[in-house]
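S.K.: Sharing a structure here in structure tokens format.
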């Protein structure tokens, strides 16, 4: 099941990369995709039953993506403003952030989303304790609960619906 | 109508180039590795994605357009991971935060984290090395 999902995904990527499609190219792509799916299928899709739930796609496309794009734009304007400001208003530091997420994919998306949003960047994850170490360009809260609300709270409740 | 799409694409490309420029300015102006990575990941990711989106709009749904969209996906997935790897590697190599930094929770917890990692490695099943030796 998980190999089949990876095969379809890999073939789709191949088709988009080699657009416009023709028969020999499509056949070669099917061969390559089958090889990739056979070798690495178990690594990528560990819980295929989650992919059958349409509510998760709905949450991903219409709640996570808009929130993420909006935060990403804000992040860029914010960092650009700090860089262009002659006084360079930064107050950097590394803070702890607590997270409830446990799954690999959920943590990856949370860490990536944090890295791409306002002045925050994931440095390391302690999975056992559920702690993320975040480098902030402007530290507002060093205390863990307040920092969690400020930094991961924006995404965590959405990602929990999608990946947990 | 095609002209309108073309203009929108050009606006995206212009904005993307501007954000790439801000990112490079940040690389020059900010004080240490970690702050520079902030500028590099955020401004340059959005700038590059914006340029690619503009390209996709101008080229339309042909080979180049689809490839540009795929590149957006890959950049968004890989840029934060590489930034995360560089930051972690820099910290582990002993590079200090800028002296104006207000807190460094990671170096406070580093010893405990290393001990945990060590314990995990010790508990891991025996490596095939022993098999090849016998």
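The values are calculated or read from the model by the stated rules, or taken from the named source; none is laboratory data. Note that this is a predicted model, so its numbers are computed, not measured. Here the Cβ is made from the backbone with ideal geometry for all residues, glycine too, and neighbour counts use every protein chain on show.
S.K.: Take the conditions assigned to a helix (DSSP H, G or I), more than 11 Å from chain B (Cβ to nearest Cβ), touching a helix residue (DSSP H, G or I) at 6+ places or on another chain (Cβ under 8 Å) and closer than 27 Å to residue A:149 by Cβ and apply them to residue A:60. Does it pass?
M.R.: yes
S.K.: Hey, can you tell me all the residues within the range A:113-129 that are modelled with pLDDT under 80 and in contact with a strand residue (DSSP E or B) (Cβ under 9 Å, 6 or more places away or on another chain)?
M.R.: A:118, A:119, A:129
S.K.: Checking the structure you have, find out if any residue of the range A:71-89 is assigned by TED's automatic domain parsing to the domain that holds residue A:155, closer than 28 Å to residue A:145 by Cβ and not in a helix (DSSP H, G or I).
M.R.: Yes.
S.K.: Here's a follow-up. Go through the range B:54-78 residue by residue and tally those that are part of a helix (DSSP H, G or I), over 12 Å from residue B:13 (Cβ atoms) and more than 21 Å from the chain's Cα centre (by Cα).
M.R.: So the count comes out to 4.
S.K.: Identify, from the list A:16, A:12, the residue that is assigned to a helix (DSSP H, G or I), within 14 Å of another protein chain (Cβ to nearest Cβ), closer than 30 Å to residue B:18 by Cα and within 24 Å of the chain's Cα centre (by Cα).
M.R.: Going through A:16, A:12 in turn, the sole match is A:16.
S.K.: Does residue A:55 qualify as being modelled with pLDDT under 80 and part of a helix (DSSP H, G or I)? I'd like the intermediate steps shown before the answer.
M.R.: Details: modelled with pLDDT under 80: yes; part of a helix (DSSP H, G or I): yes.
Here the answer is yes, as residue A:55 does meet what is asked.
S.K.: Which one of these does residue A:58 not meet: (1) surrounded by 15 or more Cβ atoms within 10 Å (Cβ to Cβ); (2) over 27 Å from residue B:31 (Cα atoms)?
M.R.: Of (1) surrounded by 15 or more Cβ atoms within 10 Å (Cβ to Cβ); (2) over 27 Å from residue B:31 (Cα atoms), only one is false for residue A:58: (1).
S.K.: Which residues, counting only those in the range B:79-99, are surrounded by 13 or more Cβ atoms within 10 Å (Cβ to Cβ), more than 13 Å from the chain's Cα centre (by Cα) and in a helix (DSSP H, G or I)?
M.R.: Passing the criteria: B:90, B:91, B:92.
S.K.: Just a yes or no: is a residue in the range B:100-111 in a loop (DSSP other than H, G, I, E, B) and more than 18 Å from residue A:147 (Cβ to Cβ)?
M.R.: Within the range B:100-111, one or more residues are in a loop (DSSP other than H, G, I, E, B) and more than 18 Å from residue A:147 (Cβ to Cβ).
S.K.: If residue A:32 passes every condition in (1) within 25 Å of the chain's Cα centre (by Cα); (2) under 22 Å from residue B:70 (Cβ atoms) but one, which one does it miss?
M.R.: Just one mismatch for residue A:32, condition (1).
S.K.: Another one. Which residue is surrounded by the most Cβ atoms within 10 Å (Cβ to Cβ), if the candidates are limited to the range A:63-112 and must be in contact with a strand residue (DSSP E or B) (Cβ under 8 Å, 6 or more places away or on another chain) and more than 9 Å from chain B (Cβ to nearest Cβ)?
M.R.: A:97
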